[in-house]
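The values are calculated or read from the model by the stated rules, or taken from the named source; none is laboratory data. Just so it is clear, the structure is predicted and the values come from calculations on it, not from any experiment. For neighbour counting, all protein chains shown are included, and Cβ atoms are generated from backbone atoms with ideal geometry for every residue, glycine included. Heavy atoms of the whole protein, side chains included, go into the accessibility calculation; ligands, DNA and RNA do not. Shrake-Rupley method; radii C 1.70, N 1.55, O 1.52, S 1.80 Å.
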Amino acid sequence: MSSLRPLHRPAALPAAVSVALVLVFSSLTGSPAGAADSGLDPQAERALIGEWRAQRVAALTSDSGWLTLAGLFWLQQGNNSFGRAASNTLVLDNPALPERCGTFILSGHAVRFVAEPGSGVTHAGNPVSALELAPDTSPDPTVLASGSLRFFMIERAGNLGVRVRDLNNPHRSGFQGLNYFPVSTDWVFAARFEPYQPARRITIINILGMEQQYESPGAVVFTKDGRKWRLDAVLEQPGDRELFIMFADATSGHETYGAGRFLYVPLPSAGRTRLDFNKAYNPPCALNDFATCPLPPSQNRLKLRVEAGEKTYTGGPRHPS
């Protein structure tokens, strides 16, 4: 399930912010299940979200951030030549790429890259002649380099493609920052977790129309504006300590990205979890044209204005999905 995992997932929080999180959550645990808690410490919540936002921006603008994406090519069985020249099967007009870089050979579900002599392609700093490639769903994906470009295999719903990053991508150097709704404890809930027994398999469609089944161990239920709302959550990988939620709401396509937003919540404890919409964030498709974002399932499209979290990125693609 690693294809869903975002690159901005925070690492360990600094000590001051960890204390703030304890203060916020300890207050929250006294709330009725599903309700927002007016007793939350607003200052602690602002500190927590401020650090979370800083980590997200740092990840987005890093060498492996979504702002570096410069190309995505799906492979066909057999030879797939790659380079700047129009005669290649996969064409990327980038000055860091040779006219003929090499060939990706797809045989069944295995991919081998054969470099063009003199192309200058490297792997881990060493020149490449031919190499078997491990995709991004493996523990150690193979990353090739040509100048400022980095390219590697991705696997989505059984399809294999070549994703390209450009460390000098203008989207990275011209990053305009992110816009947010004000941080508010009105959007932090002691949500009730309703388990599915057995866990359900739900179909998730990505922005390219590819379908994939994901395990949903249950729904997160919260109360807002006098009624209950529910969101199906998925477990991306066995052993994860968080549940992943894809949702859309009445701000989608207006103040926020049209295709919806993402959110993580801790695994439930005693039938409850902390649902913090201040951490709702844009999928990578809001930032560039070369991501394969999953879309919210129909049951996660809320007729509620979630006025929390990230707003639309002004420097992203013009299409809404």
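Within segment 229-252, find all residues whose amide N lies under 18 Å from a label point positioned 7 Å from the Cα of residue 200 along Cα-to-beta-carbon.
Residues 229-236, 243-249 qualify, since their backbone N sits under 18 Å from the label point.
Lys/Arg Cβ at +1, Asp/Glu Cβ at -1, dipole of segment 61-149 taken about the Cα centre: which of 79, 94, 128 is farthest positive-ward?
After comparing all options, I get 79.
Where does the chain land on Rg/Rh, using Cα atoms and the Kirkwood Rh? All intermediate terms of the calculation are to be shown ahead of the outcome.
Working: Rg = 21.3 Å, Rh = 21.1 Å.
Here the Rg-to-Rh quotient is 1.01.
Over segment 85-195, one equal point on each Cα, no solvent: what is log10 I(q)/I(0) by the Debye formula at q = 0.16, 0.24 Å⁻¹?
-0.80, -1.44
May I ask you to evaluate 6.51 cos²θ - 1.76 cosθ + 1.60, the Karplus curve with θ = phi - 60°, for each residue of segment 106-118 and list the ³J(HN,Hα) values in order in whole Hz, giving x for glycine and proline?
9, 10, x, 10, 10, 10, 10, 9, 10, 6, 5, x, x
How would 152, 175, 189 rank on accessible area, largest to smallest, probe 1.4 Å?
Most to least solvent-accessible, the answer reads 175, 152, 189.
Provide the FRET efficiency to the nearest 0.05 for the residue 126-residue 54 pair, computing r from the beta carbons and using R0 = 41 Å.
0.70
Based on the Cβ-Cβ distance of residue 112 and residue 240, what FRET efficiency does E = 1/(1 + (r/R0)^6) give at R0 = 25 Å, to the nearest 0.05?
Values: r = 32 Å, r/R0 = 1.29.
Efficiency at R0 = 25 Å is approximately 0.20.
About the Cα centre of the chain, what is the dipole size in debye to 20, counting +1 per Lys and Arg Cβ and -1 per Asp and Glu Cβ, all else neutral?
Using only the charged Cβ atoms, the result is roughly 460 debye.
Note down the nm distance, to one decimal, between modelled labels 7 Å out along Cα→Cβ at residue 89 and at residue 211.
Result for the modelled spin labels: 2.8 nm.
Going by average Cβ neighbours within 10 Å, how do the peptides 74-81, 144-151, 166-173 rank, with the highest at the top?
By packing density, highest mean first, the sequence is 144-151, 166-173, 74-81.
About the Cα centre, and with charges only on the beta carbon of Lys, Arg (+1) and Asp, Glu (-1), how big is the dipole of segment 166-310? Nearest 20 debye, please.
520 debye
Accessible area per residue, 1.4 Å probe, Å², for segment 222-321: what's the number?
Numbers: 3990 Å² over 100 residues.
The answer is 40 Å² per residue.
At most 14 other Cβ atoms within 10 Å and a DSSP loop assignment: could you name the trypsin sites (Lys or Arg not before Pro) in segment 218-321 that fit?
241, 303, 318
Label residue 157 and residue 254 with points 7 Å out from Cα along Cα→Cβ: what is the distance between them in nm?
For residue 157 paired with residue 254, the spin-label model returns 3.0 nm.
Could you state how much accessible area residue 307 has, in square angstrom rounded to the nearest 10, with a 1.4 Å probe and all protein chains kept in place?
80 Å²
If I compute solvent accessible area with a 1.4 Å probe over the protein chains, what percent of it on segment 55-204 is carbon and sulfur?
50 percent
Given 209, 277, 110, which one lies farthest toward the positive end of the charge dipole of the chain, if we put +1 on the Cβ of every Lys and Arg and -1 on the Cβ of every Asp and Glu?
Selected residue: 277.
For each cysteine in the chain, check whether another cysteine's C-beta sits under 4.7 Å from its C-beta; list those where none does.
Taking the Cβ cut-off of 4.7 Å, the unpaired cysteines of the chain are 101.
For an R0 of 35 angstrom, estimate the FRET efficiency from the Cβ-Cβ distance between residue 64 and residue 225 and round to the nearest 0.05.
0.30
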